[in-house]
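Written out below as structure tokens is the structure these notes cover.
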């Protein structure tokens, strides 16, 4: 099978192309930026919970004006995503708080439709040569919050300091840092390809700074998410000989630690202190009770669930503006929240959706011939995988307005757009040259 890049769309004229691409060059990244900026001091004065929906509405209207709002319905994943949205919409029928479930179902449909379509359009048409620039504003936000928030720590009851920068929520800041890693990594890769060593140094410094900030937050779920991004980059962009050398160094280091009792005791102690945050060697202390309670209420969800957004132990109505602030509880895990709200049927659809998403993205990324596109697609897969890992500890999947949910669907759209633009093409075989026998037969006739 021969692989080739599909030609870019034939634009009728330069002015028409600028008219189409320039607005999306700010509205899609601005929408992603606004999602994270709502949790950062100073920016939260402008980017509020209401602003993110205004930005999302602006993106939807722009795509609608360009007849691109329904791009997400033209991809292979559309059927299973439609089934997921359809199922959560059905839970309104038996929900204890139908107004809340109805509003969340509408919000989920609009979020998925707009952000996936926006991501596809961004990567396939607007910025096919550098699709990960949609994360550049988010990376800048993470740097700003960290650099201007140095020295801002929140101390938990055990006296362990957690770096929160300009955010009032350590976990919210940490996941912005983890997702923001993808852009400087890709920029560093591009700089190395063009031998732009000065740019390479700048992007490596940005990456290292973000990593330091991420470790300082001590947010284990977000650190694991950042690890997924780093791993995806290593697999796609780092030369195999360097990977092998790194693996060999790691084996030697672990062997030295294991064979030195005093050193191993110290290392294990430091690692335990970092993971358990001072809670007597229990790394899941902060989540154990939350998970136990959420599991008990997930059991109450049964096969069909209690309704999207509904909490089993909380009863009430949303306010006149549709806000659920003050309703519900911390569920601590997206998977347990899915069972509680949408039942085992919802969980089965969710698992199949993720399996389908990652299997399609991975198989098509392997088939891409363009090296830059392959690295970009792999990084988006790393971001998606990191968000899924982080969702084990944060219940954002059933909250369509959350940072995790919006960035997940945005990144899924960008990943699909990259692979649609650079999809492999099977060239038709050339016609067989006529043989001597064919020519003899034709002459005899």
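The values are calculated or read from the model by the stated rules, or taken from the named source; none is laboratory data. Since this is a predicted model, take the numbers as computed values, not measurements. So basically every Cβ, Gly included, is an ideal-geometry build from the backbone, and we count neighbours across all protein chains shown.
Structure notes:
- Of all the residues in segment 12-51, those that are under 22 Å from residue 127 (Cβ atoms) and either surrounded by 14 or more Cβ atoms within 10 Å (Cβ to Cβ) or modelled with pLDDT of 50 or more (or both) number 19.
- Hits in segment 359-370 - residues which are in a helix (DSSP H, G or I), surrounded by 15 or more Cβ atoms within 10 Å (Cβ to Cβ) and out of contact with any helix residue (DSSP H, G or I) (no Cβ under 6 Å at 6 or more places or on another chain): 360
- Condition check for residue 90: surrounded by 15 or more Cβ atoms within 10 Å (Cβ to Cβ), out of contact with any strand residue (DSSP E or B) (no Cβ under 7 Å at 6 or more places or on another chain) and in contact (Cβ under 8 Å) with a residue 12 or more places away in the chain: no
Okay, residues lined up against (1) in a strand (DSSP E or B); (2) surrounded by fewer than 23 Cβ atoms within 10 Å (Cβ to Cβ); (3) on the phi > 0 side of the Ramachandran plot; (4) without any contact (Cβ under 8 Å) to a residue 40 or more places away in the chain:
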position: 150; (1), (2), (3), (4): no, yes, no, yes
position: 165; (1), (2), (3), (4): no, no, yes, no
position: 184; (1), (2), (3), (4): no, no, no, no
position: 195; (1), (2), (3), (4): no, yes, yes, yes
position: 204; (1), (2), (3), (4): no, yes, no, yes
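- Top-ranked residue of segment 324-335 - restricted to ones that are more than 20 Å from the chain's Cα centre (by Cα) and closer than 20 Å to residue 387 by Cβ, ranked as modelled with the highest pLDDT: 331
- Qualifying residue in segment 155-162 (condition: touching a helix residue (DSSP H, G or I) at 6+ places or on another chain (Cβ under 8 Å) and within 20 Å of residue 205 (Cβ to Cβ)): no
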